[in-house]
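Asker: What follows is a structure written as structure tokens; I'll ask about it next.
The values are calculated or read from the model by the stated rules, or taken from the named source; none is laboratory data. All values derive from a computational prediction rather than experimental measurement. Every residue, glycine as well, gets a Cβ built from its backbone with ideal geometry; the counts of neighbours run over all protein chains shown.
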Amino acid sequence: MFTTKSEVNVYFKLVGDDFSIDEVTRLLDLTPTEFYKLGEIREPSKRPSTFTAWMIGTGYQPSFDVNDQLKQIIKTLNGKELILDQLYQTYENLQAKFVIVIVIEDGQAPALVIDTDTIQFAHRIRAEFDIDLYANPYEEDDFFDET
């Protein structure tokens with residue numbers, strides 16, 4: 001059986017020109033794992049942010065299936081659809097994204113199938129999917145045993 005060193009980080013992100021981090025946190029009744037405001041200096045670029053962002057995520061976790069992390073975030077957001085609608089009405093430039101970051105080690109990519117329930121939930125909350133892949137080099141001979 002394979003062991004994985006590959007990791008997945010999934011987070012839900014609200015981005016916009018400028019909005020109240022405190023109001024989003026209070027209305028969603030969730031503590032963000034990260035946030036920053038328009039104009040704030042961000043590491044490592046040392047450049048000011050061109051938007052405000054509020055995020056809740058899983059952090060990097062070993063994974064064979066991206067759905068394991070996606071479901072964690074969806075479970076957290078489930079039932080908050082009307083609150084998100086209210087936020088979209090209050091902040092007209094607010095956008096929602098599910099960001100999936102996959103770090104592939106030793107050629108072992110986790111499964112990346114987004115099921116119908118997830119697609120329907122993302123549609124209900126007007127969220128896009130943003131997928132970042134980082135494939136670290138590996139030796140094919142180390143991955144496939146030729147004996």
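Asker: Just to be sure, is T58 closer than 13 Å to V8 by Cα and modelled with pLDDT of 95 or more? Before the answer, list the steps.
Answerer: On the way: closer than 13 Å to V8 by Cα: yes; modelled with pLDDT of 95 or more: yes.
Yes: the conditions hold for T58.
Asker: Given the criterion in contact with a helix residue (DSSP H, G or I) (Cβ under 6 Å, 6 or more places away or on another chain) and of a type in the set (D, E, K, R), identify the matching residue among R47, R42, R124.
Answerer: Working: R47 fails: in contact with a helix residue (DSSP H, G or I) (Cβ under 6 Å, 6 or more places away or on another chain); R42 fails: in contact with a helix residue (DSSP H, G or I) (Cβ under 6 Å, 6 or more places away or on another chain).
Step by step, each of R47, R42, R124 is checked, and only R124 is in contact with a helix residue (DSSP H, G or I) (Cβ under 6 Å, 6 or more places away or on another chain) and of a type in the set (D, E, K, R).
Asker: Another question, if that's okay. List, please: which pairs have Cβ atoms under 7 Å, are six or more places apart or on different chains, and start with a residue in region 1-24 that is more than 18 Å from I125 (Cα to Cα) and among the charged types (D, E, K, R) and end with one that is modelled with pLDDT of 90 or more and in a loop (DSSP other than H, G, I, E, B)?
Answerer: E7/Y60; E7/S63; D17/L38; D17/F51; D17/N93; D18/L38
Asker: Here is a follow-up. Please go through region 75-84 and pick out each residue that is surrounded by fewer than 19 Cβ atoms within 10 Å (Cβ to Cβ) and in contact (Cβ under 8 Å) with a residue 24 or more places away in the chain.
Answerer: Initial filter on region 75-84 (surrounded by fewer than 19 Cβ atoms within 10 Å (Cβ to Cβ)): 75-76, 78-83.
Listed by number, the residues that qualify are T76, N78, K80, E81, I83.
Asker: Just name the residue that is nearest to I73 (Cα to Cα) out of those in region 105-147 that are modelled with pLDDT under 95, among the small types (G, A, S) and out of contact with any Gly (no Cβ under 9 Å at 6 or more places or on another chain).
Answerer: This residue is A111.
Asker: Does any residue of region 76-84 turn out to be out of contact with any helix residue (DSSP H, G or I) (no Cβ under 8 Å at 6 or more places or on another chain), charged (D, E, K, R) and either over 21 Å from Q120 (Cβ atoms) or in a helix (DSSP H, G or I) (or both)?
Answerer: No; the residues of region 76-84 include none that is out of contact with any helix residue (DSSP H, G or I) (no Cβ under 8 Å at 6 or more places or on another chain), charged (D, E, K, R) and either over 21 Å from Q120 (Cβ atoms) or in a helix (DSSP H, G or I) (or both).
Asker: Restricting to region 100-111, name every residue that is crowded, with 19+ Cβ neighbours inside 10 Å and not aliphatic (A, V, I, L, M).
Answerer: Passing the criteria: only P110.
Asker: Could you tell me whether K97 is loosely packed, with under 11 Cβ neighbours inside 10 Å, at pLDDT 95 or above and closer than 17 Å to M55 by Cβ?
Answerer: Working: loosely packed, with under 11 Cβ neighbours inside 10 Å: no; at pLDDT 95 or above: yes; closer than 17 Å to M55 by Cβ: yes.
No, not satisfied.
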